[in-house]
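What follows is a short report on a single structure.
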Amino acid sequence: MPKLLLIAYHFPPLAGSSGIQRTLRFAQHLPKFGWEPIVLTTHPRAYERTSDDLLRELPPDLCVRRSFALDTARHLSLFNRYPGFLARPDRWTTWRWSAVPAALDLIEEHKPRAIWSTYPIATAHEIGAAVHRRTGLPWVADFRDPMAQDNYPPDPRVHRAFSRIEKKVFDTAAAAVFTTRGSANIYRRRFPRSPTRVEVIENGYDEESFAGVDTQVRKPLVPGKITILHSGIIYPSERDPRPFLDALAQLTRDKKISDATLRIRLRASVHEDFLNTEIQARSLGDLVELAPPIPYRQALQEMTHADALLVMQAENCNEQIPAKVYEYLRSGRPVLGLTDPRGDTADLLYRAGLKMIAPLNDAEQIATVLMQLLQKLNAGQIELPDERMVRNASRVGRTEQLVRLLESL
């Protein structure tokens, strides 16, 4: 059986990131297609939060090597300050020091056919490039989303570091993989003469994760109230919730909605202090609920019981799709999409037959679409995700795409 070395920061027991699912599910499903995965990840000390719930889903015979890494901001700071060079390209740059020798040991022992590294921790691509240079093995760089963008990262030194890594990929990698067509097209234009293949392997949902999750019998999350759920991180810029909160405040003042019949639940949003300040400034404390993280399968179950699910994605992320949207689709619930109608997130929702979409930065349009959603929910006429499209988005199918790419290299 040919083997693949996967280099990934996002891996159990890291908690609070949907990015874990991509590597974890590839590792689970690769053997179904005749490939054996070997995982190189970080020591758990590098994670801000950990949870054991996904550790139980690791295949018992999976080889996982955890190499030394520190989080510069937590482990190497003095009075909340730390050397900038130890946070470029990211706060886990120390991982490279141990990961490259660990990868070479794994290659010597297991003889993999190829190397796969995955962003959004850019250090993973630096490790992949170093290992490829020393071994000559084909290297697949999984970008997921774009790296260096206009005004991102905002620190010009980090931006230059990202740009250098991108050039290294398109000079030497066998393939670069993205999760959306928009992201792939950016890099086809950016590196038009590169020999590196550009492929799209979208994120997806894992059917086995939904085993035991009852999607048929729904119980109200809050009895007597329509509950709209956002599950996952809310970034203050890329998923700025303030226009949505403005819309809720205006509809409340106009007596079109009430906390007696509606609840907005923001689950595991991470930036609770920021959110709480904005919620209280608009007197929405009885309408909008901040909920703590829960284990992954419980989060999936909660999605299936929500009356509707909320996704937020700013225009500056038009070439990205939050990974949880695929789990939203599998849950079979209506989706309120606050995103640019021209972006890839909106395109996915439209392809799934979901039309409740408004720009994230337009409170007036958000209010209009929210009222349409509530009226359709009350009338029992709301659109649900297209079943055929949902079936095609499984992680097994995405793994098969990865295998076809590997076998073609």
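Numbers at a glance
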| read-out | value |
| --- | --- |
| Accessible surface, per residue, of region 299-345 when the full set of protein chains is kept, probe 1.4 Å, Å² | 20 |
| Residue 291 versus residue 381: modelled label distance in nm, points set 7 Å from Cα along the beta carbon direction | 2.9 |
| Kirkwood hydrodynamic radius over Cα pairs of the chain, then Stokes diffusion coefficient at 4 °C and 1.567 mPa s, in µm²/s | 58 |
| Å² per residue, accessible surface of region 140-185 at 1.4 Å | 41 |
| Region 1-92 - Kirkwood radius from inverse mean 1/r over Cα pairs (Å) | 14.4 |
| Exposure rank, largest accessible area first [123, 172; 1.4 Å] | 172, 123 |
| Whole-percent carbon and sulfur share, accessible surface of the chain, 1.4 Å | 48 |
| Length released on extending from residue 65 to residue 258, taking residue separation times 0.36 nm less the Cα-Cα span | 64.3 nm |
| Residue list for region 288-304, given a label point 7 angstrom along the Cα-to-Cβ vector of residue 222 and an amide N cut-off under 12 Å | 288-291 |
| Computed [θ] at 222 nm, deg cm²/dmol, the chain (DSSP H ≥ 4; -39,500 (n - 2.57); rounded to nearest 500) | -11500 deg cm²/dmol |
| Accessible surface, 1.4 Å probe, highest first, among residues 258, 98 | 258, 98 |
| Nearest-ten-degree value, helix 363-379 long axis tilted from longest Cα axis of the chain | 70 |
| Exposure of residue 113 as accessible area (Å², to 10), given a probe of 1.4 Å and all protein chains | 150 |
| Three-way shape call for region 197-242 based on the alpha-carbon gyration tensor, with the a/c threshold at 1.5 | oblate |
| Bins of 10 Å from zero: percent of alpha-carbon pairs in region 219-376 | 11, 44, 39, 6 |
| Candidate lysines - alpha carbon under 30 Å from residue 355, same-chain residues fewer than 8 apart omitted | 219, 225, 255, 256, 324, 376 |
| Inter-site label distance for residue 189 and residue 113 at 7 Å from Cα along Cβ, in nm | 3.6 |
| With all protein chains modelled, accessible area of residue 36 [1.4 Å, Å²] | 60 |
| Surface/4 of the Cα convex hull for region 150-306, nm² | 13.0 |
| Within region 154-283: Cβ-based charge dipole about Cα centre, in debye rounded to nearest 20 (Lys, Arg +1; Asp, Glu -1) | 500 |
| Chymotrypsin sites (Phe, Trp or Tyr not before Pro) within region 61-146: DSSP coil, no more than 11 neighbouring Cβ in 10 Å | 79 |
| As computed over region 1-160, the Cα convex hull volume per residue (Å³) | 119 |
| Exposure rank, largest accessible area first [303, 371; 1.4 Å] | 371, 303 |
| Segment residue 32-residue 172, extension gain: residue separation times 0.36 nm, minus the distance between their alpha carbons | 47.5 nm |
| Cα-based Rg and Dmax for region 53-133, where Dmax is the largest Cα-Cα distance (Å) | 14.8, 46 |
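The values are calculated or read from the model by the stated rules, or taken from the named source; none is laboratory data. Note that the coordinates shown come from a computational prediction; the quantities given were computed from them, not determined experimentally. As a convention, Cβ positions derive from the backbone with ideal geometry for all residues, glycine included, and neighbour counts pool all protein chains shown. Accessible surface areas use protein heavy atoms only, side chains included; no ligands, DNA or RNA. Shrake-Rupley method; radii C 1.70, N 1.55, O 1.52, S 1.80 Å.
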